[in-house]
1. Would you tally the net charge around LEU86, using a Cβ to Cβ cut-off of less than 13 Å, leaving LEU86 out, and scoring K and R as +1, D and E as -1?
2. Per residue of the range 386-399, in order, report the coupling 6.51 cos²θ - 1.76 cosθ + 1.60 (Karplus, θ = phi - 60°) as ³J(HN,Hα) in whole Hz, putting x for Gly and Pro.
3. When you count, for each residue, the other Cβ atoms within 10 Å and take the mean per peptide, how do 475-488, 103-116, 154-167, 374-387 rank with the highest first?
4. Please work out the C-alpha center-to-center distance from the range 77-146 to the range 285-358 and express it in whole Å.
5. By how many nm would the segment from ASP225 to CYS449 lengthen if fully extended, with 0.36 nm per residue of separation less the alpha-carbon distance?
6. In the set (1) 31.1, 111; (2) 32.3, 105; (3) 23.4, 82, which value of Rg and Dmax of the Cα atoms in Å was calculated from the structure you see?
7. Please give the per residue accessible area of the range 261-447, computed with a probe of 1.4 Å over protein heavy atoms only, in Å².
8. Rounded to the nearest 500, what is the chain's calculated 222 nm mean residue ellipticity when only DSSP H runs of at least 4 contribute -39500 (n - 2.57) each, over all residues?
Amino acid sequence: PTMAQSKALLVLENFIGGKFVPCSSYLDSYNPSTGDVYCRVPDSGKEEVEAAVKAAKDAFPIWSSKSPLERSQILNKLADLIEHDLEAFAQAESKDQGKTITFARTVDIPRAVHNFRFFASSILHHVTECTEMPTMGCVHYTSRAPVGVAGLISPWNLPLYLLTWKIAPAIACGNTVVAKPSEMTSVTAWMMCKLLEKAGVPPGVVNVVFGTGAKAGEALVCHPDVPLISFTGSTQTAQRITERSAPHCKRLSLELGGKNPAIIFDDADLSQCIPTTVRSSFANQGEICLCTSRIFVQRGIYSEFLKRFVAEAKKWKTGNPSDPTVDVGALISKEHLEKVRTYVKKAQAEGARVLCGEGVDPLALLPGNQKGYFMLPTVIAEVKDESCCMQEEIFGPVTCVVAFDTEEEVIRRANGVKYGLAATVWSGNVGRVHRVAHRLQSGLVWTNCWLVRDLNLPFGGMKASGIGREGAKDSYEFFTEVKTITIKH
């Protein structure tokens, strides 16, 4: 950017020990809906991470000795402050990530607020265990203590939503944190830092270091004083985190990608199923790890489903994310858009049919958005199970629809990928719903709905979709160390 441009750009700073600290070098961050640089993000490395870990270590004794009630009140105050600025946060999230303003207003920011409120409440209700051994004259009990400095690495698709899903349980349990948001979507994390002092969060309890995974993320994962890492992102990065953290025996919680099946039996209620499955395929531009990108439809209703599904997908409006009537915003980056387009080209080269969207329908954009990273909701039919489009996570507004005959066959095919995060099952037969749900290799199964979350319950995946679970009890167990104490009387 020119000098005049860079003066107008938003410049973020790291938040360390309760203060904003400038960085020696910066990265450009783009507005996905225009293709222009609109923000400069610190390009942090070892030094910045070192300072943040030190601040977190120094803050740990005081924060960890506060009662759960005191921490709970601070979390609730922070939730109130974010909620008070909900519109500003939603605008920033939409501009930074490319998602529609509607999605940011109704999903991302309310969920970030709810994450703090939920853990502020749940921390008050955990109980430890006690057993007696009268014959030995002994009583045993457990106690739980925070682990220390938590390293939290969050992705670009739901920036504040997934960052707060980590920060809230970590600090509720009495840990201090060093967080690294994605360098592509750092603005809402920086805005949240401005509210911490007002909420009563002591300096050093929450530190945010901005930068790339290769530099800032690596330094955090390799730091000997960070005993715990919670990461959401790609399976490939998770392998690297596992290798780099192994010498330090860190505890890891890894929430990775998915290649989630939607299974639609011929007795499904299509009036519910079709609009929901369009949403589960294209919400947030398909950039949600829980999106359904493989749709298996029983042969009896296959052609009717396809016709109605494509008609519904074509109604989704793609364009300027700040327009409240738009359903599909911009994809995160130019590189990501290219990658998603490549999958569609590969499917065509393999003989699959693209029924709507990319390369089939014209995409009309406003003059200001012509350089943005937009793509229409795209439906592909007749894709072979072994195609990369059915095996790899595309993470864009693309879904594949295929036919199946029997329950047995569809379970085998649905399980035939390396991932196992989420699945949806559509059927009016309650016995079948239970049978299929039990046999799917998937951490989450929704039947006759999608993305209905109770934060009390475990969240996470099987196979290449991750390690560990988070949720009320699960996050509490992950973010605390348990000790068994035996007393002879």
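The values are calculated or read from the model by the stated rules, or taken from the named source; none is laboratory data. Keep in mind that what you see is a predicted model, and the values were worked out from it rather than measured. Neighbour counts run over all protein chains shown; Cβ positions are idealised from the backbone, glycine included. Just so you know, the surface numbers come from the protein's heavy atoms only, side chains and all, with ligands and any DNA or RNA stripped out. Shrake-Rupley method; radii C 1.70, N 1.55, O 1.52, S 1.80 Å.
1. -4
2. Each residue of the range 386-399 in turn: 7, 4, 4, 5, 9, 10, 9, 6, 8, 6, x, x, 10, 9 Hz.
3. Numbers: 475-488: 15.5, 103-116: 22.5, 154-167: 26.1, 374-387: 20.5.
Top to bottom by mean Cβ count within 10 Å: 154-167, 103-116, 374-387, 475-488.
4. 33
5. Residue separation times 0.36 nm, minus the Cα-Cα distance, leaves 76.4 nm.
6. Computed from the coordinates, Rg and Dmax of the Cα atoms in Å corresponds to (3).
7. Spelled out: the 1.4 Å probe surface of the range 261-447, per residue, equals 40 Å².
8. Values: 16 runs with 186 residues, N = 489.
Only helices count here, giving -11500 deg cm²/dmol.
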